[in-house]
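Nothing in this text is a laboratory measurement; each read-out follows from the coordinates by a stated rule. All figures in this text were calculated on a predicted structure; none of them were measured in a lab. Note that we place each Cβ from the backbone using ideal geometry, even for glycine, and neighbour counts take in every protein chain shown.
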Amino acid sequence: MSAPDVFVIGGGPAGLAAAIAARRRGFDVLVTDGAVPPVDKACGEGVMPDGLAAASALGLDLESAGHPFRGIRFVSGAGDSTGQTVAAEFPHGHGLGVRRTALHRLMLERAGSLGVRFRWGSTVASLDGIRARWIVGADGSRSLVRRWAGLERSAHESRRYGFRRHYRVEPWSEFMELHWGRACQLYVTPVGAGEVCVVAISRDSRLRLDQALPQFPDLAARLAGAASAGSERGGVTVSRRLRSVWRGNVALVGDASGSVDAVTGEGLCLLFQQAVALADALAEGCLEPYAAAHRRIGRRPEMMAGLMLALDGRSRLGSRLRDRALRTLAARPPLFRGMVAMHVGELSTFQILTNSLALGWQMLNL
């Protein structure tokens, strides 16, 4: 193959998004990956309204590939004294549950229609000898490109573990549900008219879905007797902020460039937005603007991840905090509507601060 303008290492959603964005800017793009499509990954498979808007900016129409949901619901699990459920619709639009393999096929078709070139089943051993103006590392949270480029230093890092399974059952809710337990969270995304995706996420690498479900008897009852659609898949979800996402002619995108905990559901939105920002920087011939845009794009998801992880119940204080937060949100529905609006980027910085202070004050006085 002739030398491309942009050489993308990693053919998952991050790599394909970067390739699509760069090709739309007129670059000749080559994507290489050791796997063969479709590429699957253990994830919650939910795309928030801001993620759908970000996908649209790449010319991606995900509607035909997924199942809509209209908001987010928090449910307290067994062992919580709240027994509370609180839900809120998105301020505008809807979210979409999309099977990861369906998303990959759709993105692959879009990239191919634009003229992106591919080299599947081919691994890259180092950055030496790559003939390209730009190199993009999109090879996931354990990125080799990040290590080869000397970009491993992080300002923050923590890990949790997720295990995903699909169940053949009709969705019982129009919401993406997040069930809070003492040792883990389960989140449920409708991905089809007769299928839901269930993910258990915790700090225990040994906690599988079968062990987690008994902590959530209502959810376990809904899934009782439902056939599994495929095997359970596991993975590590990392909260990581790197000190730098570029060096020389190498840029990182997606999980290779840092990530937020999967419980936020913001992973796809982030990589779509990063891909557009990276293509803009490539068009300018300088990666510094991408670094600035990357920091800006990540601020709100990082803040939401911090808030959500503060409620994960890994300590006695965390359990009490979650208990009080859920009771407050159930008693003050406008606060939860504000939280959901924050989550999908519908509030200004001032409104975010105001809503956060209001939640804290109400928690103290409930």
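Charged neighbours of ALA138, selected by a Cβ distance under 11 Å, balance to -2 (K, R count +1; D, E count -1). The angle separating the long axis of helix 288-309 from the principal Cα axis of greatest extent in the chain is about 20 degrees.
The calculated 222 nm mean residue ellipticity attributable to helices in the chain amounts to -11500 deg cm²/dmol, summing -39500 (n - 2.57) over DSSP H runs of n ≥ 4 and dividing by all residues.
Using the Cβ atoms and a cut-off under 13 Å, what net charge is assigned to the surroundings of HIS67, where Lys and Arg are +1 and Asp and Glu are -1? Summing Lys/Arg as +1 and Asp/Glu as -1 gives -3. Comparing ALA17, ALA291, GLY93 along the charge dipole axis of the chain, the residue lying farthest to the positive side is ALA291, per the Cβ-charge model. If only the Cβ of Lys and Arg carry +1 and only the Cβ of Asp and Glu carry -1, the dipole of segment 39-190 around its Cα centre is close to 740 debye.
Each peptide in 185-195, 202-212, 12-22 receives the mean, over its residues, of other Cβ atoms within 10 Å, and ordering these scores from highest gives 12-22, 185-195, 202-212. Bridges between two residues of the chain, per DSSP, are antiparallel at a rate of about 70%.
Around the Cα centre of the chain, unit charges on the Cβ atoms of Lys, Arg, Asp and Glu (plus for the first two, minus for the last two) sum to a dipole of about 860 debye.
Only one residue of LEU52, ALA3, SER64 has its Cα farthest out toward the positive end of the dipole of the chain, where Lys and Arg carry +1 and Asp and Glu -1 on Cβ, and that residue is ALA3.
For the listed peptides 277-288, 161-172, a ranking on the average number of other beta carbons within 10 Å per residue, highest first, reads 161-172, 277-288.
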